[in-house]
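J.: Before anything else, here's the structure in question.
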Amino acid sequence: MNVPLLKVDNLSVSIDGKQILKDINLEIPQGEVHILFGPNGSGKSTLLHAIMGLPGYEVRGKIYFHGTDITHMPPEQRARLGIGIAFQRPPIIRGVKLGKLLELINSNKPDIQRMAEELQLTPHLQRELHYGFSGGETKRVEILLLIAQKPDLLLLDEPESGVDLENIDLIANKLRHLLEKEKRISERHRSALIITHTGYILNYLNAAKGYVMVDGRIKCSGPPRDIWETIRKVGYSLCEECLLQRINEKRR
Amino acid sequence: MKKEDSEQLTRVGYDPDKHDRSGSFLMENQSIIESLSLYEGLELLPISEAIKKYKWVEKKICTLVSRDDPYVKAVLNTQPLQGAFIYVRQGYKIRLPLQACMYLKLQTAQRVYNMVVMEPNSELHIITGCTIASYLIKGGHLAITEFWLDDGTRLSYTMIHEWAPEVVVIPRAAASIGRNSVFINNYVALTTTRKVQMAPIAYVAENGTAQFSSIIYARDHSHFDIGARAFLNGANSNAQILSRVITEDGTVIVRGEVVGIAPGTRGHTECNGLILGKGSIRAIPMLEAKIDDTELSHEASIGKLKEEEITYLRARGLDEDTARSLIISGFLSARIENLPTYLQNKIDQTIELTLRKGL
Ligand SMILES: Nc1ncnc2c1ncn2[C@@H]1O[C@H](COP(=O)(O)OP(=O)(O)O)[C@@H](O)[C@H]1O
Ligand SMILES: [Mg+2]
């Protein structure tokens, strides 16, 4: 199988005529986890939203999923094809119970009960979606919804931001399970593109590749741990020059 | 009972088999079909019989609502007076709901007088359904309901209306709420109705609570002018007037009036409105403080469906229509404090069924 699960080809994205993303190219093979780094406002969330097909973005270039051109598909159709997103800042939806939404997504009720329990969200099933949830609860709920969707491609927008260490552990282990990290590479069929600010997630998931986004462009890509190490030491300030160069220098 | 009648009545909370009911009352046009207490301590009679049985009943009539109101006059001029007399004896706490239904089967104006009397430390939950035969589109419903809650009582009164496009509905209601008593008044109306106009009144004594919730969906040419008024006469009494309103081409006026008279009182009125399509919502709060030691507030928000919420649900695989109706039914399904679960579920169910039918 040579067709990558996701292929983003020369993607440019504008909002209200203002260009946010410029000539993005990336490929995620089946079974791989890729990491997206970058300073605030660089366009990371916008990229995930564009892949998900959220409205309000003017898109040029192509997005392929399982080899199918999905560039102009509505989000619900992409979701049904197997793309799922965990939002960085999901909206509160008053009066809509989490349990109700889960039932609409996945009709296997006992399954949902069990998954909720594992994420310590059983009482939340009766609560209004994201209403009055703590940062950690919000992120866990996003993961729970993804697990219910069982997508082939997971788009995770800062799944561990604002979450305490114990809950990071819980979330990351669930993700590892969902991504079948205990299986051999050839047997994994789920992939993920993960935005992280804390790097914690790297300790749980063996990520194959990392990207650094600066000002709407992917400035470099490489081994995610090396990239993260460098970012931690020098921040993104030197990204303009090129992080990758420094990484390569360090290697030599 | 004919199948079509029982179906229509079931939709507004009437159970023909009277399962888990403490009492059942049914009035068709101007005739009382059924008036049945199934619970000790609860008396349920046609008001005309109650007037004969208890001397004090007639004296109470229209002492809480205004006799100057032309609609009140119109009901009083209908002889004999017809409606429900509901009487709970001291200390009886009845958790099973009493069902009362007003059913219009002729193209006339139904005129109803209801009286609810609660002796000290009693409790009752009433679900009232008002509806019209499916073959009618026109009619009228004039109703007066007066509530006397003695000290330490608890009464919830949940009204579900399902009318037809050319029906005019003018209810008048007022409650005298005794010390340490709780009055919960809920109103649900989700179908097209030419005109509904009402603003029940609560007179609240010391430590008493009056709580009004309205859930309105104004479709097509519907015109709703609804609200509530609360007079905080007793120290430390409180009132909340909450409305959830959707207009889809209809007109809605929501009035919430609280008057702080005694010390330590609290009142809050709140309206959340959602506009779909054309239509209008006017929220009119009115707060009056007659003393410095009273805390009154109001809150209103009116807007359209939030695109971000629809998008969020679409990204989870829901198509746009499903996403919209989920958000709309969520918007309407406010949790009502102090309401037994059964009645909350009935309200939620009504919302869901009506929306599913409408979309
Ligand atoms: N809906 C929007 N309207 C206008 N500008 C937006 C909108 N969404 C994002 N942007 C802008 O696009 C840029 C990238 O934002 P975002 O993708 O959220 O960055 P990141 O996730 O990397 O922090 C920012 O400058 C942001 O202000
Ligand atoms: Mg972001």
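J.: Pop out a list of residues from region A:107-149 that are at least 30 Å² less accessible with all the protein chains around than in their chain alone; 1.4 Å probe, no ligands or nucleic acids counted.
T.: Listed in order, they are A:Q149.
J.: OK, next. Total accessible area buried between chains B and A, 1.4 Å probe, in Å² to the nearest 100? Don't skip to the end; give the middle numbers.
T.: Details: alone 15310 and 12220 Å², together 25560 Å².
By this definition, chains B and A bury close to 2000 Å².
J.: For chain A, with the dipole built from +1 on Lys and Arg beta-carbon atoms and -1 on Asp and Glu ones, taken about the Cα centre, which of A:M73, A:T198, A:L179 lies farthest toward the positive end?
T.: The residue sitting farthest along the positive end of the dipole is A:L179.
J.: Using a probe of 1.4 angstrom, how much of the accessible area of region B:1-168 is carbon and sulfur, in percent?
T.: Working: 3470 of 6930 Å².
With neighbouring chains kept in place, the figure for region B:1-168 is 50 percent.
J.: Further question on the same structure: Using +1 at the Cβ of each Lys and Arg and -1 at the Cβ of each Asp and Glu in region B:249-348, identify which of B:T265, B:M286, B:I302 lies farthest towards the dipole's positive end.
T.: After comparing all options, I get B:I302.
J.: Hey, got the dipole for the protein assembly as shown? About the Cα centre, +1 on K and R Cβ, -1 on D and E Cβ, debye to the nearest 20?
T.: Details: 75 positive and 73 negative charges, 132 e Å.
For the protein assembly as shown, the charge dipole is close to 640 debye.
J.: Where nothing but the Cβ of Lys and Arg (+1) and of Asp and Glu (-1) is charged, how large is the charge dipole of chain B around its Cα centre, in debye to the nearest 20? Don't skip to the end; give the middle numbers.
T.: Working: 40 positive and 42 negative charges, 130 e Å.
In debye, rounded to 20, chain B gives about 620.
J.: Which of B:L242, B:L355, A:H34 sits closest to the plus end of the dipole of the protein assembly as shown, meaning its Cα is farthest towards the positive end, when Lys and Arg get +1 and Asp and Glu get -1 on the C-beta?
T.: Result: A:H34, furthest along the dipole toward the positive end.
J.: Just to verify a number: what accessible area does B:E299 come out at with the full protein assembly present, 1.4 Å probe, Å² rounded to tens?
T.: 100
J.: Same structure again: At 1.4 Å probe radius, can you tell me the per residue accessible area of region B:306-359 in Å²?
T.: Each residue of region B:306-359 exposes 45 Å² on average to a 1.4 Å probe.
J.: Determine the principal axes of the Cα atoms in region B:1-168, then give the extent along each, sorted from largest to smallest and rounded to whole angstroms.
T.: The Cα atoms of region B:1-168 stretch 44, 40, 23 Å along their principal axes.
J.: Could you state the number of Å between the C-alpha centres of region B:5-80 and region B:108-142?
T.: 7
J.: Can you check what the net charge comes to around B:P16, using other residues whose Cβ is under 11 Å from the Cβ of B:P16 (Lys, Arg +1; Asp, Glu -1)? All intermediate terms of the calculation are to be shown ahead of the outcome.
T.: Values: positive: B:K2, B:K3, B:K18, B:R21; negative: B:D5, B:E7, B:D15, B:D17, B:E34.
My count for the surroundings of B:P16 gives -1.
J.: Another question about this same structure. Where the only charges are on Cβ atoms (+1 Lys, Arg; -1 Asp, Glu), what is the dipole of region B:177-253 about its Cα centre, to the nearest 20 debye? Write down the numbers at each step before the final one.
T.: On the way: 6 positive and 5 negative charges, 28 e Å.
For this selection, approximately 140 debye.
J.: Looking only at other chains, what is the average number of their beta-carbon atoms within 10 angstrom of each beta-carbon in B:249-261?
T.: Working: counts 0, 0, 0, 0, 0, 0, 0, 0, 0, 0, 0, 0, 0.
The shielding value for this peptide is 0.
J.: Full-extension gain between A:Q126 and A:N108, please, as 0.36 nm times their residue separation minus the C-alpha to C-alpha distance. Intermediate results must be reported in sequence, preceding the final value.
T.: Values: separation 18, 0.36 × 18 = 6.48 nm, distance 1.69 nm.
Taking 0.36 nm per residue and subtracting the Cα distance, the gain is 4.8 nm.
J.: Would you mind getting the accessible area per residue of chain A, heavy atoms of the protein chains only, 1.4 Å probe, in Å²?
T.: Numbers: 11290 Å² over 252 residues.
Using a 1.4 Å probe on heavy atoms only, each residue of chain A averages 45 Å².
J.: Compute and list, largest first, the equivalent-ellipsoid semi-axes of region B:199-304 from the alpha carbon gyration tensor, each √(5λ) rounded to a whole angstrom. Could you put the intermediate results ahead of the total?
T.: Numbers: eigenvalues 170, 26, 16 Å².
In descending order the semi-axes read 29, 11, 9 Å.
J.: Here's another thing I want to ask about it. Accessible area per residue of region B:210-295 at 1.4 Å probe, in Å²?
T.: Heavy-atom accessible area per residue stands at 37 Å².
J.: Moving on to the next point. Helix-only estimate, please: 222 nm mean residue ellipticity of the protein assembly as shown, summing -39500 (n - 2.57) across DSSP H runs of length 4 or more and dividing by its residues, to the nearest 500. The partial results should precede the final answer.
T.: Numbers: 15 runs with 152 residues, N = 611.
Calculated at 222 nm, the ellipticity per residue is -7500 deg cm²/dmol.
J.: Moving to a separate point now. Given that compact globular proteins tend to follow 2.2 N^0.38 Å, what is the ratio of the alpha-carbon Rg of region B:306-359 to that value?
T.: Working: Rg = 12.8 Å, N = 54, 2.2 N^0.38 = 10.0 Å.
Cα-based Rg divided by the globular estimate yields 1.28.
J.: Another question, if that's okay. Comparing B:V117, B:V57, B:V204, which has the greatest mean-square fluctuation in the GNM of chain B with Cα pairs linked when under 10 Å apart?
T.: Evaluated over chain B, the most mobile residue of the options is B:V57.
J.: Pop out the Kirkwood hydrodynamic radius of chain A from its pairwise C-alpha distances, inverse of mean 1/r, in Å to one decimal.
T.: Working: mean 1/r = 0.0535 Å⁻¹.
Kirkwood hydrodynamic radius for chain A: 18.7 Å.
J.: Report the accessible area of A:T71, computed with a 1.4 Å probe over the heavy atoms of all protein chains in place, in Å² rounded to the nearest 10.
T.: Here the accessible area works out near 10 Å².
J.: Distance between Cα centroids, region A:158-234 to region B:283-304: provide it in whole Å.
T.: 50
J.: Exactly which trypsin sites (Lys or Arg not before Pro) in region B:1-46 are in a DSSP loop and have at most 12 other Cβ atoms within 10 Å?
T.: Details: sites: B:K2, B:K3, B:R11, B:K18, B:R21; in loops: B:K2, B:K18, B:R21.
Loop-located and lightly packed - B:K2.
J.: Could you tell me the largest-minus-smallest coordinate of the C-alpha atoms of the protein assembly as shown on each of the three principal axes, in descending order and whole angstroms?
T.: Taking the Cα atoms of the protein assembly as shown, the three principal extents are 104, 54, 45 Å.
The values are calculated or read from the model by the stated rules, or taken from the named source; none is laboratory data. Everything numeric in this text was worked out from a predicted model, so none of it was measured. Don't worry about glycine lacking a Cβ; one is built from the backbone with ideal geometry, like all the others, and counts go over all protein chains shown. The area values use the complete protein model at the heavy-atom level, side chains included, leaving out ligands, DNA and RNA. Shrake-Rupley method; radii C 1.70, N 1.55, O 1.52, S 1.80 Å.
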